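*Asks:* Sharing a structure, written as structure tokens. Questions coming.
The values are calculated or read from the model by the stated rules, or taken from the named source; none is laboratory data. Predicted model, so just to flag it, every value in this text is computed and none were measured. Note that we place each Cβ from the backbone using ideal geometry, even for glycine, and neighbour counts take in every protein chain shown. Areas reflect the complete protein model, heavy atoms only, side chains present, ligands, DNA and RNA absent. Shrake-Rupley method; radii C 1.70, N 1.55, O 1.52, S 1.80 Å.
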Amino acid sequence: MSVLEGEGAERARGRAARAVPVFAALDLGTNNCRLLIASPSRSGRLRVVDSFSRTVRLGEGLAQTGALSEAAIARTVSALKVCADRLAHHRPTRLRAIATEACRRARNADDLIARARSEAGIELEIVGSDEEAHLAALGCAALVGKRHRGALVFDIGGGSTEIIWLKRKGAATVNAFSASVPVGVVTLAENGDAQSYEKLRGQMRPLFSSVRRRMARAGEFKLRTHHLLGTSGTVTTLGAMAQGLARYDRNKVDASWHRTRRLLEIGDEIAALDHAGRVARACIGEERAELMVPGLAIFAAICAEWPCADLRVADRGLREGMLREMMAEMDA
């Protein structure tokens, strides 16, 4: 083959690669800024092109002041600039960038939106709790167990916790009920009693008991035919620890099955440690240590209200939901 023929083949491969659409989803939460860039594969799965995650603590101090602090906005804009560089490199066909609970609650959220637009070139969309629940469900729906009639999806975020009841209806999975509880790991960590696991857990029970009573109006949630499906840093950490991983490995954690009782036992062990003890545990570390007790309190309250025997861990959620929705719209 001649050099020219080789160059022609290379250009053809490049054109073919560019013909595959690339999509980008950005999720700005109360604690983290996450970007996922992916393209569809022939099997229907997402082929990850690039990803980025940074802890920005956007909601720091929000519960006390009702506003996003200048420092939090600066940290967030800095992370968004990194996202902008990734986006410029990959040039996705479509981008959706959303902001959730912290921006829903902050009286000065418009200041962040304006700076994201002017300094990073990213147009943030503040979504309501219903849309957040819809996207989380869409991102996790593929993990509803084949032998089950449905699952209770829960997403413990930084500023809110989403509860979604997914039911099988024929070959499809439908959203039978969803609710947003305005508590998350960051808001609870800023509480003066954040280290009192028993007290926090007791405070959480009435909130989720109220959700369970409302959900009962949508039908009977049968524990024997349903499982829990958890997506959050708290649950993925528990899933990694249950497997005895020395380092977090998404490929081993995502879609893994566990006995709910075992994860609760691990949670009790972690909650009994002091801060240094939690930092020293594999898969936790300094950054997550202060958020584990609030997350575990929420997790325990959910398990008490919906005591399913089995739990599946999802290291996926809003970003995957956005990507799948954009891909479906492109195919329509």
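*Asks:* Quick one: how many Å² of Thr225 are accessible to a 1.4 Å probe, rounded to 10?
*Replies:* 50 Å²
*Asks:* Let me ask another. Can you figure out the FRET efficiency of Ser209 with Ala114, using R₀ = 51 Å and their beta-carbon distance, to the nearest 0.05?
*Replies:* That pair, Ser209 with Ala114, gives E of 0.80.
*Asks:* Right, another one. With the other protein chains left in place, how much accessible area per residue, in square angstrom, belongs to region 188-332 at a 1.4 angstrom probe?
*Replies:* Ligands and nucleic acids excluded, the figure is 47 Å² per residue.
*Asks:* Considering the options Gly219, Pro294, Leu264, tell which one lies farthest towards the positive end of the dipole of region 212-332, charges being +1 on Lys and Arg and -1 on Asp and Glu at the Cβ, about the Cα centre.
*Replies:* Result: Gly219, furthest along the dipole toward the positive end.
*Asks:* Quick one: length gained pulling Ala304 to Met330 fully straight, 0.36 nm per residue minus the C-alpha distance?
*Replies:* Length difference between fully extended and current span is 5.2 nm.
*Asks:* While we're looking at this one, here's another question. Mind putting a number on the dipole of the chain about its Cα centre? Charges go on the C-beta only, +1 for Lys and Arg and -1 for Asp and Glu, and I need it in Debye to the nearest 20.
*Replies:* The calculated dipole for the chain is roughly 1260 debye.
*Asks:* Exposed loop sites here are GluC sites (Glu not before Pro) in DSSP loop states with at most 16 other C-beta atoms within 10 Å. What is the longest stretch of the chain lacking them?
*Replies:* The longest such stretch corresponds to 1-122.
*Asks:* Still on this structure: If you count only protein heavy atoms with a 1.4 Å probe, what accessible area per residue comes out for region 60-103, rounded to a whole Å²?
*Replies:* 45 Å²
*Asks:* Now for a separate question. So if we plug the beta-carbon distance of Ala172 and Arg250 into 1/(1 + (r/R0)^6) with R0 = 22 Å, what FRET efficiency do we get, rounded to 0.05?
*Replies:* 0.20
*Asks:* Report the extension gain between Ser51 and Val82 in nm, rounded to one decimal, defined as 0.36 nm multiplied by the number of residues separating them, less their alpha carbon distance.
*Replies:* That works out to 10.1 nm of additional length.
*Asks:* I need the shape label for region 175-332. Rule: rounded when a/c is under 1.5, else prolate if a/b > b/c, else oblate, with a, b, c from the alpha carbon gyration tensor.
*Replies:* Here region 175-332 falls in the oblate category.
*Asks:* Taking the Cα atoms only, what angle lies between the long axis of helix 197-215 and the longest principal axis of the chain, rounded to 10 degrees?
*Replies:* The angle comes out at about 70 degrees.
*Asks:* Shifting gears a bit: Quick one: how many lysine pairs does the chain have with C-alpha atoms less than 23 Å apart and a gap of 8 or more or different chains? Give me the count, please.
*Replies:* 6
*Asks:* Using the alpha-carbon centroid of each, what span in Å lies between region 253-310 and region 86-120?
*Replies:* When both Cα centres are located, 31 Å separates them.
*Asks:* At R0 = 30 Å, how high is the FRET efficiency between Arg262 and Thr225 if r is their beta carbon distance? Nearest 0.05 is fine.
*Replies:* The computed FRET efficiency comes out at 0.90.
*Asks:* Same structure, new question: Please say if region 154-250 is rounded, prolate or oblate, where rounded means a/c under 1.5 for a ≥ b ≥ c the square roots of the C-alpha gyration tensor eigenvalues, and otherwise the choice is prolate for a/b larger than b/c and oblate otherwise?
*Replies:* Oblate, because a/c is 1.5 or more while a/b does not exceed b/c.
*Asks:* Something else: How would you classify region 71-133 from its alpha-carbon gyration tensor, with a ≥ b ≥ c the square roots of the eigenvalues: rounded for a/c under 1.5, else prolate if a/b is greater than b/c, otherwise oblate?
*Replies:* Taking the square roots of the gyration eigenvalues as a ≥ b ≥ c, region 71-133 is oblate.
*Asks:* Starting from 0 in steps of 20 Å, tell me what percent of the Cα-Cα pairs of the chain lands in each bin.
*Replies:* Percent of pairs per bin, in order: 30, 57, 11, 1.
*Asks:* Looking at the chain only, what percent of DSSP beta bridges run antiparallel? Nearest 5 please.
*Replies:* Roughly 70 percent of the DSSP beta bridges within the chain come out antiparallel.
*Asks:* Further question on the same structure: Connecting C-alpha atoms closer than 10 Å in a GNM of the chain, tell me which of Asp274, Asp315, Asp130 has the biggest fluctuation.
*Replies:* Greatest mean-square fluctuation among the candidates belongs to Asp274.
*Asks:* With runs of 4+ DSSP H residues as the only contributors, calculate the mean residue ellipticity of the chain at 222 nm using -39,500 (n - 2.57) per run, divided by the residue total and rounded to the nearest 500.
*Replies:* After summing the helix terms and dividing by the residues of the chain, the value is -14500 deg cm²/dmol.
*Asks:* Run the accessible area of the chain with a 1.4 Å probe and give the carbon-and-sulfur part as a rounded percent.
*Replies:* With neighbouring chains kept in place, the figure for the chain is 48 percent.
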